[in-house]
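Structure first, commentary second.
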Amino acid sequence: MTTPVSNEPDCTPSLAASCKEAARLMSESRDRELDEIEQADLEVHWSECRNCVRFDKQLSWLSDLAKNYALGQGVSK
Amino acid sequence: MGMVMTLAVHDKNALFLEIESHRGFLIRYATAKLREKNEAEEVVQEALLAALSGIESFSGTATLRTWLTSILKYKIIDFQRGAYSDREKFVQPPNNADEGSDSNDPQWFDQFFDETGHWTTSFGQGCQPGNALEQKRLFAAFEHCMEKLPKTTSRVFFQREVMGEEVAEICKDEGISSSNCWTMLHRARVALRECLERSGFCNA
């Protein structure tokens, strides 16, 4: 899933899922496939909310950090 | 000028067909929200009419489907306001359990969102440490932040993101459901992001 770049100045979701719900979907998309309704909710939310676009990028950053930590600390399965 | 606007100017019939091609999805979407197909079809019809009459406001920054879904959401909200305005609002029962359940977040997690579900925390742009020393500091902060999580949540996150295990495998190890696992992973990610930002990482 690719996160679009939002041109919104801030988070102003007026009708889409709340940030809390959107955050849950963004997180769960890393562990399971979202259905088309959930995906649409998320895309509408992203179009209105820069904070959540950033949050999604930071989830990727966090995931990379965890992988790098595993490599750096010699952690493996 | 985007394809849709080009169609709007040159061929109204083609524009209608382009918008109409999303009707099936929109009905499925509205049915999922309203739980009633007849009502969903009615609301979708209104949304499509609104889209056709307001096509000049479609900027093309989002896809046509996303734009149509936005319009539909307004229509669904209008519909629900009318249909359910007399009903009592659902009140979520308090839950102070350490880990919370799938549907009720524990107190420690509630701090990240206000009562309307919006973020209460600040957002930087994200960053990567520039050198080995910063990398070491980042790893130390990461460990510190993981230690602050509830035990099971921390363990599930570690297995998933650090060890790279599949959710099914983690569920089996921990004896928890998939949805419980997704919820714990979500809470861990939100809390860790916040903790790392407070530690000076992830800032613009």
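FYI, it's all coordinate maths here, none of it is from the lab. All values derive from a computational prediction rather than experimental measurement. Cβ sites come from the backbone with ideal geometry, for glycine too, and all protein chains shown count toward neighbours.
Assorted remarks:
- Computing FRET efficiency as 1/(1 + (r/R0)^6) for B:Glu56 and B:Ala140, where r is the C-beta to C-beta distance and R0 is 35 Å, gives about 0.05.
- Take each residue in A:53-63, count the other chain C-beta atoms within 10 Å of its C-beta, and the mean is 6.
- Inter-chain Cβ neighbour average for residues A:25-32, partner chain, 10 Å: 5
- Pairwise label distance in nanometres, B:Lys172 with A:Glu36, each label 7 Å out on the Cα-Cβ vector: 3.3 nm
- Taking B:Glu18, B:Glu166 and counting other C-beta atoms within 10 Å, the order from fewest to most: B:Glu166, B:Glu18
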